[in-house]
Amino acid sequence: MRLLTREQLRTQVWVALTVLEPYEKRALGVVVEQTRKDVTEDLVLRIMGEPESETVILQPDLVGSPYSRVGVWNVDEPHPHPDMVRPR
């Protein structure tokens, strides 16, 4: 089990916005680098909350060869709080 840090989330959001197709960047208004940084900061703040009381995000361990993807709860690793999982 891994704890997703604020920096890791920030990096994931920034990369996701950076690798968008040009037409998707235009549609979202994130063509300019500074705008991407601002949107990334806003999303991280909305997801994690303030640094003094931030949300805890847990991810399953990395799996695959060589640890190429994030695992799946209840498949690669048991869920830490099974009573919080929605029945399918």
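The values are calculated or read from the model by the stated rules, or taken from the named source; none is laboratory data. All of these numbers come straight from a predicted model, not from anything done at the bench. Here the Cβ is made from the backbone with ideal geometry for all residues, glycine too, and neighbour counts use every protein chain on show. Note: accessible area is taken over every heavy atom of the protein model, side chains too, but ligands, DNA and RNA are not part of it. Shrake-Rupley method; radii C 1.70, N 1.55, O 1.52, S 1.80 Å.
Residues of region 52-69 that are open to solvent by less than 90 Å² (accessible area, probe 1.4 Å), over 16 Å from V13 (Cβ atoms) and in contact (Cβ under 8 Å) with a residue 24 or more places away in the chain: L58, P60, D61, L62. Cβ separations smaller than 7 Å between residues 6+ apart or across chains give the following pairs from region 1-29 residues that are within 21 Å of V72 (Cβ to Cβ) to residues that are of a type in the set (D, E) and surrounded by 12 or more Cβ atoms within 10 Å (Cβ to Cβ): M1/E77. Looking at region 4-34 only, could you name the residues that are open to solvent by 90 Å² or more (accessible area, probe 1.4 Å) and closer than 17 Å to E50 by Cα? Of everything in region 4-34, just one residue is open to solvent by 90 Å² or more (accessible area, probe 1.4 Å) and closer than 17 Å to E50 by Cα, namely E7. Being surrounded by 12 or more Cβ atoms within 10 Å (Cβ to Cβ), part of a helix (DSSP H, G or I) and more than 15 Å from the chain's Cα centre (by Cα): is that true of T40 here? Here the answer is no, as T40 does not meet what is asked.
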